[in-house]
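What follows is one structure encoded as structure tokens, with my remarks underneath.
The values are calculated or read from the model by the stated rules, or taken from the named source; none is laboratory data. From a predicted model like this one, the values you see are computed outputs, not experimental measurements. Neighbour counts are summed over all protein chains in view; Cβ atoms, including those assigned to glycine, are modelled from backbone coordinates with ideal geometry.
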Amino acid sequence: MDRRLPPSWQSAFDRSAKPEGDFVGLADIASFLGQYLRTILGFILCALFLGWFYIATTDPVYTAQTQLLIEPKMPQLLQQQAELNLTLDTAQVESQIAVMQSEKIATMVINQLKLKDDPIFNRSQNLGFLARLKKLGERWELSHSSQADESRNLSDFERDRMTMGAYIGGLDVRRVGVSYAITISFRALDPDTAANVANATADAFMREQLETKFTSAREGGSWLEQRLNELRTQMNTATKVAQEFRARHDYGIGEDSSIGSGSAAGKNAPTLEELEVAANTYRKMYESFLQAYTNSVSQQSYPVADARVITKATRPLAASDPRRRLVYAFAGLGGLMLGLGVAFLRFTLDRSIRSSRQLREDFGLECIGELAPIPARRAKLDAITTLPSSKYSVGLRRVKTAIDLHDPGRPLKCIGIASSLPSDGKSSFASNLAMLYSMCGEHVLVIDADIFHSVLSHGLLGAIDPVQATEWSIFENIAPSRNGRVDVLPSSVVDAKNLLTQRNLRAALAELQGYDMIIVDLPPLTVGADRLAVATCLDGVVLVAECGATPADLFGELVQMLHAGKTLVIGAVMTNVRAARVKEGYRRGQRAR
């Protein structure tokens with residue numbers, strides 16, 4: 001479509017343009033939120049429903065904690081070096097944490113508490129969507145028994161690995177700051193199980209430390225005992241040789257001695273002093289190993305662990321997961337962000353009429369009214385009489401005032417109502433506008449020129465009979481509406497008299513000068529632009545566009561066609577407007593009343 005504006009339209013656009021350009025104000029934000037409020041609320045509700053679904057299908061998880069204190073073991077020389085001390089502390093603590101998370105400790109806890117045979121402990125917590133739907137529809141006992149039946153079908157190895165995975169998945173071991181304290185947390189479906197496993201993990205770790213120390217001490221003691229026997233033999237032999245040498249008062253020993261290898265008179269034979277030194281050396285070595293052996297035996301009898309429990313885990317009173325408030329908060333925030341994103345995407349891709357500012361800036365038209373949705377569907381054609389205090393009625397009165405003040409020097413007695421689509425609310429607006437003029441004491445005629453839909457003829461008159469084109473006056477087929485407010489010229493008469501041609505309509509309007517106001521419901525643009533050529537016979541035309549439904553391109557074609565025919569366009573009316581400004585206009589109208 002050629003979007004170039006005619007000179008008269010362009011001048012009107014230049015006069016109405018505002019210097020703010022693309023400035024976005026609070027009114028624009030409020031209008032945006034009002035237009036897409038349903039979309040945003042819909043996404044928020046969907047997100048909250050998903051949060052509820054997650055909470056309803058997730059088993060409550062309980063967390064129990066116990067704390068250990070590690071006793072550092074470092075030489076006194078290394079404790080004087082601060083940097084090395086911190087490095088050794090970190091390495092020692094991290095090593096202890098690795099031991100607590102090892103499968104050796106896990107196996108000890110599993111065997112101690114017999115977790116392999118616990119169906120609740122081995123139940124999976126990561127359920128798929130279909131499993132959650134099934135769980136939501138079933139009773140807890142049934143799902144519990146089905147889980148137990150499924151676990152019986154697994155092999156021993158699979159059950160072992162499943163139990164090991166459940167234990168490792170629920171265990172969390174962390175260091176408390178930079179201290180020697182370590183927190184052992186365990187998450188389980190049963191609160192008692194969570195506390196028992198946390199305490200059993202701490203006990204298993206200390207028991208493993210004691211067993212390790214006992215094994216090391218026992219192996220060291222065995223080696224010391226063997227070495228002690230060897231030293232005892234060597235010490236006794238050396239002492240015996242020295243005593244024999246002293247008893248003979250000789251300076252050497254014989255060839256049969258276990259120490260010497262030469263003759264008694266040999267120059268290389270050991271002396272008495274050498275033999276005594278060797279005997280004393282073996283004695284000292286024996287005494288040293290004897291002391292080490294004694295210490296080893298004492299450690300075997302009473303080993304001490306390098307860790308102790310400072311806080312024992314107790315049964316948690318409340319579940320730690322799922323966190324209802326946090327889930328609902330994140331769900332609501334996520335739904336809000338997603339709703340705003342989709343609303344902005346719709347706003348960006350939307351090519352429909354959305355605001356009075358768009359009518360002014362894109363088409364050079366002043367929006368003379370914004371009408372809210374009609375509350376009752378059955379009262380669409382006479383809402384002004386049945387619902388006089390509604391938002392729609394208040395907005396309609398503002399439209400009438402704008403029409404009356406359009407050109408005080410040139411009164412408008414014959415007004416056409418046009419739209420791009422038949423669903424824009426054109427016929428309802430024409431009927432209610434005619435009713436409003438009638439309520440003000442004027443004699444009003446409504447001409448249903450929309451022969452393709454005939455909404456006004458059927459709505460205001462009921463069933464009508466087809467009319468044959470004969471030589472009769474138009475007044476013979478004008479009938480009062482059901483409520484008696486206005487007179488109606490039905491669409492069958494318009495079609496029979498071919499009033500959608502300029503010559504015939506001008507002749508008909510000349511006969512209808514006795515009416516104070518004539519409202520003509522014109523056909524929509526979609527049935528053909530040639531049908532709207534009769535608009536040039538009217539004093540002015542009011543264009544109707546439904547907010548968020550009328551395409552901007554199609555509405556632009558309607559405006560261009562009317563301007564090309566030199567038709568006076570009084571202004572545009574937006575129907576089905578749900579923005580906040582409609583509420584403000586309604587409050588002002590209520591105060592004026």
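Descriptive notes on the structure:
- Candidate set from region 561-576 (those that are in a helix (DSSP H, G or I) and aliphatic (A, V, I, L, M)); member that is surrounded by the fewest Cβ atoms within 10 Å (Cβ to Cβ): Ala564
- Of the residues making up region 335-353, those that are among the small types (Gly, Ala, Ser) and closer than 21 Å to Gly51 by Cβ are Gly335, Gly339, Gly341, Ala343.
- Some residue of region 405-424 being touching a helix residue (DSSP H, G or I) at 6+ places or on another chain (Cβ under 7 Å) and of a type in the set (Ser, Thr, Tyr): yes
- Met235 falls short on exactly one of the conditions (1) among the aliphatic types (A, V, I, L, M); (2) surrounded by 19 or more Cβ atoms within 10 Å (Cβ to Cβ); (3) modelled with pLDDT of 90 or more, and that condition is (3).
- Test: residue in region 213-231 that is among the charged types (D, E, K, R) and surrounded by 17 or more Cβ atoms within 10 Å (Cβ to Cβ): no
- Test: residue in region 397-409 that is part of a helix (DSSP H, G or I), modelled with pLDDT of 90 or more and surrounded by 22 or more Cβ atoms within 10 Å (Cβ to Cβ): yes
- The residues listed here are Ser423, Ser491, Ser438, Ser457; of these, the one that is within 50 Å of the chain's Cα centre (by Cα), assigned by TED's automatic domain parsing to the domain that holds Val399 and closer than 27 Å to Pro373 by Cβ is Ser423.
- Leading residue by the ranking (surrounded by the most Cβ atoms within 10 Å (Cβ to Cβ)) among those in region 415-461 that are of a type in the set (S, T, N, Q) and out of contact with any Leu (no Cβ under 8 Å at 6 or more places or on another chain): Ser457
- In the condition set (1) modelled with pLDDT of 90 or more; (2) more than 30 Å from Ala372 (Cβ to Cβ); (3) exposed (fewer than 14 other Cβ atoms within 10 Å of the Cβ); (4) touching a helix residue (DSSP H, G or I) at 6+ places or on another chain (Cβ under 8 Å), Leu68 is compliant with all but (3).
- Only residues that are out of contact with any Lys or Arg (no Cβ under 8 Å at 6 or more places or on another chain) and under 26 Å from Tyr167 (Cβ atoms) were counted across region 203-229, and they come to 11.
- Where helices (runs of 4 or more DSSP H) sit wholly within region 84-170, those with at least 2 residues that are modelled with pLDDT of 80 or more occupy 103-113, 156-170.
- Among the residues of region 91-112, those identified as buried (at least 19 other Cβ atoms within 10 Å of the Cβ) and either within 15 Å of Leu189 (Cα to Cα) or not β-branched (Val, Ile, Thr) (or both) are Gln96, Met100, Ala106, Met108.
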